[in-house]
Amino acid sequence: MDHIYKHRKKLIYFGILPALLLYLAFVIIPILISARYSLVEWNGFSAPKFVGLNNYADLFKNSIFWRSLKNNLIVVFASVLGQVPIGFLLALLVNQKIKGQHFFRTIIFMPVVISAVIISLVWSMVFNYNFGLLNNLLKFVGLGSFIQNWLSNPDIAMFSVAAVIIWQFVGLYFIIFLAALQTVPNDVLEAAEIDGAQGWKRTLYITLPLVKDTILAAIVLCISGSLKTFALIYVMTNGGPSHATEVMAIHMYDNSFNAMKFGYGSAVSIFIVIFGIVLVTIVRQLFARFED
Amino acid sequence: MNSKLNLNKLKKFLSYFILVFFALINLYPIFWMVMNSFKTEQQISINSFSLPSSLMLSNYFKAWHAVSLGRSFLNSFIVSGLAVIITVALGSLAAYFISRFEFTGKKIIYSLFIFGLLVPIHGTLVPIFIMMRKLGLVNTRLSLILPYVAFNLPLTIFILSSFMKSLPRAVEEAAIVDGAGYLRIFWSIILPMTRPALATVSILNFVYNWNEFSFALVLINDQKLMTLPLSLSLFSGQFSTDYGMQMAGLSMALVPIIAIYLLMEDQLVKGMSAGAVKG
Amino acid sequence: MNNIKNNFIIMMIFALIVVCSGAVLAEDTVELKMWHAWTGQDAFAKEVLLPKIEEFQKNNPNIKLKIQVIPNDNYRTKLRTQAAGGQIPDIMQTYPGSEVQPLVEAGMLMPLDDIINYWTDDLIAKETLKAYTFNNKVYAIPAKVNYTHFAFYNKDMLQEAGYDKWPATYQEFKKMADKLKENDIVPISLGNKAKWVLQSVYFSTIADRVAGADFLDKVLAGEKKFTDPEFIKALNIIKELADNDYFNKDANSLNDMEMRQAFYQKRAAIFFGGAWDIGGVIENAKEQNMNVGIATFPSIVGAKSPQALSGVTGSAFSIRAGLSEAQQAAAFKFLKFFYSEETYTDLLRTGSFVPAQVPLPDDISPQFQSVINLVNEHQIAPVYDAVLPLDLIQIINNGLQSLTAGQMTAEELAQQMQDNL
């Protein structure tokens, strides 16, 4: 089949070129410039001083950086294991013939668009030690011993924040899966509808392979999004207490714009990109092997 | 038969249970925000849980005028809207060729685009500012549209091409036999079939652009060109925040985005049945 | 939708006016780009500084100020990014000490030598401008003095615990706090999510008192060290407040609004805040029928500067280097008008402290008068984040969180600070 296309090379490149040029100009070139900054010592005002790989050496020596990497990995795992399956499940549920479909489709997506300021304020109140919803609920159901200082305890704070991140972005994967499910022929889903619970299982078995490309895409998006995660944590905990929720993007921002170490900050940016490439490549390889 | 029916009922019940549970959690923040937008500053500072004593709209009027929200709405519409249109147009075309054709360099180009998913925005603020300054674009809407398009292209191409890859080739083949050109196939076969994914990426693009703060902060120096997130940030002073106005402003900012979502979401689920082929 | 249409029409008309008037006025108007962070929520900005800017524009139609307001939290990011790109506005708000220093060192700001006498002759003491003075040249004029340390306490709650007066000594304070705890009241409400609160509001005053008001200067000059016992003693006071559970348990994850809310809802008896809190506290206390007292940290045994009170000058404007002559003249004119005796008097009326020696107006509120009396019993001492280098500010802000969360000892933090000096 593909051979028919081959002689139309010019057209192909012509179709891709506009997107590619814009992308090269405003994403690739800036990050390359940033890579150059990562080799200098620069406070943004003075003349940059070339220091070779010193910024990277500082990076790897900095225990706070390693902590931010660890925190970032928590977000990555929580997101991949939380957002993708929950998003998929919700898409399956809403894709059935149920009442209020429209309402559910909208409301599930809502957290994605609510301002981080609001999300942070509301969840801080849920997590509040003294009068927060969560601790009160635990007390109410007799699980008083599980009461925690959800955001102030450095050992727990990262998990609390990760939970909010899962919640906030489930909607994103939900609509991606919802779109993918539209390509699944209706009779497959309808058959499941009639067969009840057993069909439910069958839906899963028939549907999953049909949307496997989308699942891979969702996982890749999830990893890349989680590695860049910034806004919600920044307003919710400001990376604290005691660096407990500091992720790499916050580490980079603090160093670049608060401590004004642009060289070091750029080194963190470049690390995020390289680390991301490695992770994404691994995932894609795993998928490819799985397919064979 | 009976047990099957019961199972079916149970399944339905469980579905509703989960969905209603999510709906409640998701509604609360919005409810809380709107509730506080009706309160005075003092009422909020004393208790932000309480119900408002009346449906006081003054925060809305004050917020609207204090930071010229009307103007920012317009700016945000122009910038976000144009960026979405350009991104989806260029992105879908690129995704079409990447997903349905074989050509040299395809893998490299595709990987290059995926690479863009990983670039942290804050790491590019200074370089992009310097570039825009050299191009003489600082303080123009274009200075926002260009990075918005560029930064959203990877996601757009990624989602669209993974979607297009899974489309059956049969219709296309028939069209080729009929002598249709590739752009024609793209326009009248691929695009309609991709409708759900197009709707998805349009929503995501719009959400990102509508809420984007950092580029707008750095690249816009004129109050008249400020986008919504910038204007909404003006409710915070150094030592005090006008939460009432902030909540009112944020509530208003949510309306268009919900409207866009509702509009697009219809397309999202119409998808295949409304497209060129029926499943 | 109608609004959008209307706005569009208004914008078109507006654009037309701008274009036309621009053509007419172009010849002898001077344009100055101005950035500031006064969004208009804080009383001093709303009632004095912003009206002053407006008044200046009205009086000087030939000087056109193109103003951009950027909220405080994002102001630095924007200024630093654009400065890194080699572009800054003509007149801009700058922050004291280590924040403005790099701009000065890069030669981006103009020293105010030519007009500095206007202030230093008899309005502002030269010493007061220290945070903006580098190599004996002054680069900005401040409008305010922000004292960063006051204790606001609920008199009724203290009374219930058996204290009809603010405790005089730290020992007594601790006894009182224990008593409050027994009554199931959180002694001190703290919201340190933003990280600067413990450093700016608590630690600056406590450290200045314990280690001496000149300690910080001596450390920066290499004559003393952060690892010296007096500094560690100051750190340990913060640690003790946390270890004794005098703060609410979630202190490091609350913001300042939540911190004050706990106080107004009578869940906590005390909160520490800055001069910026005074107005709000007085107002809310009246509304709630609360008996609120204002004090400073009780005296500590062995303190070297027992009367130190941390404060820093702020709301300052600097001028870009390299302005044209006409622009420079216009900018000077603005500064003289903006930082006039009248401005300082007006600021006093809104309950702000000022760096200038102006007579107290007769009509200031009795509450503010009593705070002024309180301040007069003290001597101003540096706020740490206005003096420390930028990366050390990060270290101490995070370090105080770690200290109170039990993740670090005072000695470790002191060592880390010394190592990064």
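Read the figures in this text as sums done on the coordinates, not as results from a lab. Fair warning: this is a prediction, and the values are worked out from it, not measured in the lab. Here Cβ is always computed from backbone atoms with ideal geometry, including for glycine, and neighbour counts include all displayed protein chains.
Helix C:229-243 and the long axis of chain C differ in direction by around 80°, with both axes built from C-alpha atoms.
Where in chain B are the DSSP H helices whose alpha-carbon span along the long axis reaches 18 Å or more and whose Kyte-Doolittle mean is at least 1.0?
Counting only whole DSSP H runs, the qualifying helices are B:69-100, B:142-165, B:243-274.
For C:Leu65, the residues 5 or more places off, or on other chains, whose built amide H falls under 5 Å of its own are C:Leu32.
The sum of -39500 (n - 2.57) across all DSSP H runs of n ≥ 4, divided by the residue count of the protein assembly as shown, sets its helix-only mean residue ellipticity at 222 nm to -18500 deg cm²/dmol. Taken as Cα centroids, region B:15-74 and region A:136-165 sit 26 Å apart, rounded to the nearest whole angstrom. Model label sites at A:Leu11 and A:Leu138, defined 7 Å from Cα along the beta-carbon direction, differ in position by 6.3 nm.
Are there any helices in chain A, counted as whole DSSP H runs, that stretch 27 Å or more along their axis by Cα and score at least 0.5 on average by Kyte-Doolittle, and if so which? Kindly include the intermediate steps, with their values, before the conclusion.
Values: long enough: A:157-181 (36 Å, 2.29); A:262-291 (43 Å, 1.60).
Within chain A the helices that satisfy the rule are A:157-181, A:262-291.
If you plug the beta carbon distance of B:Glu173 and A:Phe275 into 1/(1 + (r/R0)^6) with R0 = 30 Å, you get a FRET efficiency near 0.10.
Taking C:Ala262, C:Ala207, C:Ala381 as the candidate residues, the one with maximal mean-square fluctuation in a Gaussian network model of chain C, Cα springs under 10 Å, is C:Ala262.
A cut-off of 5 Å between modelled amide H atoms, ignoring neighbours fewer than 5 places along the same chain, links C:Thr94 with C:Ala316, C:Phe317, C:Ser318. Sorting B:Thr87, C:Thr350, C:Thr81 from the fewest to the most surrounding beta carbons within 10 angstrom yields C:Thr350, C:Thr81, B:Thr87.
In straight-distance terms, cross-link reach from C:Lys333 covers every one of the aspartates and glutamates whose alpha-carbon lies under 19 Å from its own, apart from those fewer than eight places away in the same chain; here that gives C:Asp28, C:Glu31, C:Glu54, C:Glu55, C:Asp90, C:Asp113, C:Asp114, C:Asp121, C:Asp122, C:Glu325, C:Glu341, C:Glu342. All other residues whose Cβ lies under 12 angstrom from that of C:Glu230 are scored, Lys and Arg at +1 and Asp and Glu at -1, for a net of +3. Listed values for region C:104-110 are Karplus-derived 3J(HN,Hα) couplings in whole Hz (6.51 cos²θ - 1.76 cosθ + 1.60, θ = phi - 60°), namely 5, 5, 7, x, 8, 10, 9, and x replaces Gly and Pro.
Antiparallel beta bridges, as assigned by DSSP with both residues in the protein assembly as shown, represent about 60 percent of the total such bridges. Across region C:378-395, rounded Karplus estimates of 3J(HN,Hα) from the backbone phi angles (6.51 cos²θ - 1.76 cosθ + 1.60, θ = phi - 60°) give 10, 10, 5, 9, x, 8, 4, 6, 9, 10, 5, x, 4, 6, 6, 4, 4, 5 Hz, Gly and Pro being marked x. Taking every alpha-carbon pair under 8 Å whose residues sit at least 6 apart, region C:295-412 reaches a relative contact order of 32 percent. Using Cα atoms only, what is the angle between the long axis of helix C:72-84 and the major principal axis of chain C, expressed in degrees (0 to 90) to the nearest 10? Tilt of helix C:72-84: around 60 degrees.
A:Val113: net charge of surrounding residues, Cβ under 14 Å, Lys/Arg +1, Asp/Glu -1, itself excluded?
My count for the surroundings of A:Val113 gives -1.
Past 31 Å, Cα to Cα: identify those pairs from A:Lys228/C:Lys266; C:Lys58/C:Lys286; C:Lys175/C:Lys218; C:Lys126/C:Lys304; A:Lys261/B:Lys106; B:Lys134/B:Lys224, in the order given.
Result: A:Lys228/C:Lys266; C:Lys58/C:Lys286; C:Lys175/C:Lys218; A:Lys261/B:Lys106 exceed 31 Å.
Residue order for C:Glu412, C:Glu182, fewest other beta carbons within 10 angstrom first, comes to C:Glu182, C:Glu412. Dividing the mean sequence gap of close Cα pairs (under 8 Å, 6+ apart) by how many residues chain A holds gives a relative contact order of 29 percent.
In percent, rounded to a whole number, the relative contact order of region B:57-274 is 35, using alpha-carbon pairs under 8 Å and six or more apart.
One Cα centroid belongs to region B:159-208, the other to region C:297-375; the line between them spans 65 Å.
Note on region C:34-96 and region B:212-260: Cα centroid distance 18 Å, given to the nearest whole angstrom.
Based on other C-beta atoms within 10 Å, arrange C:Met176, A:Met110, A:Met236 from fewest to most.
Ordered by Cβ neighbours within 10 Å, fewest first: A:Met110, C:Met176, A:Met236.
Placing +1 on the Cβ of each Lys and Arg and -1 on the Cβ of each Asp and Glu in region C:237-321, which of C:Gly302, C:Gly314, C:Met257 has its Cα farthest towards the positive end of the resulting dipole? Most positive-ward Cα: C:Gly314. Computed over chain A with a Gaussian network model linking Cα atoms closer than 10 Å, the most mobile of A:Ile219, A:Ile175, A:Ile12 is A:Ile12.
The angle between the Cα long axis of helix C:410-419 and the main principal axis of chain C comes to about 40°, on a 0 to 90 degree scale. Counting charges near B:Leu160 (Lys, Arg +1; Asp, Glu -1) among other residues having Cβ under 14 Å from its Cβ returns a value of +2.
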